[in-house]
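Structure, as structure tokens:
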Amino acid sequence: MEKMLKDSHYLFQQLLFKYKDQVEWEKGRALFLALEYRCQATAEHSVVVAFIAYHLAIQINCDTHTGERMFLAGLLHDIGKLKLPDDILKSQRLITSEEHQTIVSHVQGGYDALKVLGFGSDILQFCLTHHERLDGSGYPQGISERSMIGKIAPISDVYSALKLPRLYRPSSLNDEHILKYFIENNHQFEEDYIQELLKFLTTWRSHHNVTEKLSV
Ligand SMILES: [Fe+2]
Ligand SMILES: [Fe+2]
């Protein structure tokens, strides 16, 4: 996992340098810093979401600029979690159904904040759709969101959530198990995009000399 986290932060630094005079990136950087100070685990989750969203976009033949916008969107998708109280945000136990409702509110909270701050519609859409599922079983709207962003956001979010250890789940899943999870739940996630994720991970792993094959 350290390798992916390291690569994600490296790409982040490159993009910050590239867009250092761009207001939206500067605002994004400030928000992300606030998230890092408040909850390191959520910030690390977000930077991996950004990394996967960028590479998925490139993998499906989006141009570089669109990929970079997906990176920024990934960084900020959970910014609404800044509103959550510590005993929920940093909980190491299973949450109650009442607390779940509070967690659900981070999507709308994030969307509202990003809108007020003048972020583009792509960033807003990523935030709003990252917990939606193709079969309508997601939240907050329970819609079947079939736009490109609406397909990238949930896959990136779930990949990162399963890949990184969480406060309530110290161990993480390996790529093979994560891909199997996606394939078993292909009514929730776009199958073509899962195949593109598999291709990206295969390339990325060979770049890092991970020799065992992804047999899914
Ligand atoms: Fe979220
Ligand atoms: Fe997330």
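Each reported figure results from applying straightforward, stated rules to the coordinates on display, with no laboratory input. The structure displayed is predicted, hence computed values, not measured ones. Positions of Cβ are backbone-derived with ideal geometry, glycine not excepted, and every protein chain shown enters the neighbour counts.
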Practice prompt. Sort out which residues of region 89-123 are of a type in the set (G, A, S) and farther than 20 Å from I143 by Cα, and write them in order of number.
Written response: S91, S97, A113, G118, G120
Worksheet, complete the sentence: Taking region 6-46 and keeping only residues that are under 17 Å from the mean Cα position of the chain (by Cα), without any contact (Cβ under 8 Å) to a residue 24 or more places away in the chain and farther than 22 Å from L124 by Cα, one is left with K6, Y10, Q40
Fill in: Qualifying helices (runs of 4 or more DSSP H) (wholly inside region 1-63; at least 2 residues being within 16 Å of ligand 1 (Cβ to nearest atom) and closer than 25 Å to V107 by Cβ)
23-38, 40-59
Response to the item:
If we keep only residues of region 75-110 that are part of a loop (DSSP other than H, G, I, E, B) and surrounded by 16 or more Cβ atoms within 10 Å (Cβ to Cβ), then the residue farthest from the chain's Cα centre (by Cα) is S91
Item to complete: Might you let me know whether region 67-87 holds any residue that is within 14 Å of ligand 1 (Cβ to nearest atom) and either farther than 29 Å from L11 by Cα or touching a strand residue (DSSP E or B) at 6+ places or on another chain (Cβ under 8 Å) (or both)?
Response: no
Worksheet item: Do any helices (runs of 4 or more DSSP H) entirely within region 143-216 hold 2 or more residues that are over 16 Å from the mean Cα position of the chain (by Cα), and if so, which?
Response: 175-184, 191-207
Discussion item. Take the conditions closer than 15 Å to L75 by Cβ and either assigned to a helix (DSSP H, G or I) or not aliphatic (A, V, I, L, M) (or both) and apply them to A113. Does it pass?
Written reply: yes
Worksheet item: Which condition number in (1) within 16 Å of ligand 2 (Cβ to nearest atom); (2) touching a residue at least 24 places away in the same chain (Cβ under 8 Å); (3) in contact with a helix residue (DSSP H, G or I) (Cβ under 9 Å, 6 or more places away or on another chain) is the one that V104 fails?
Response: (3)
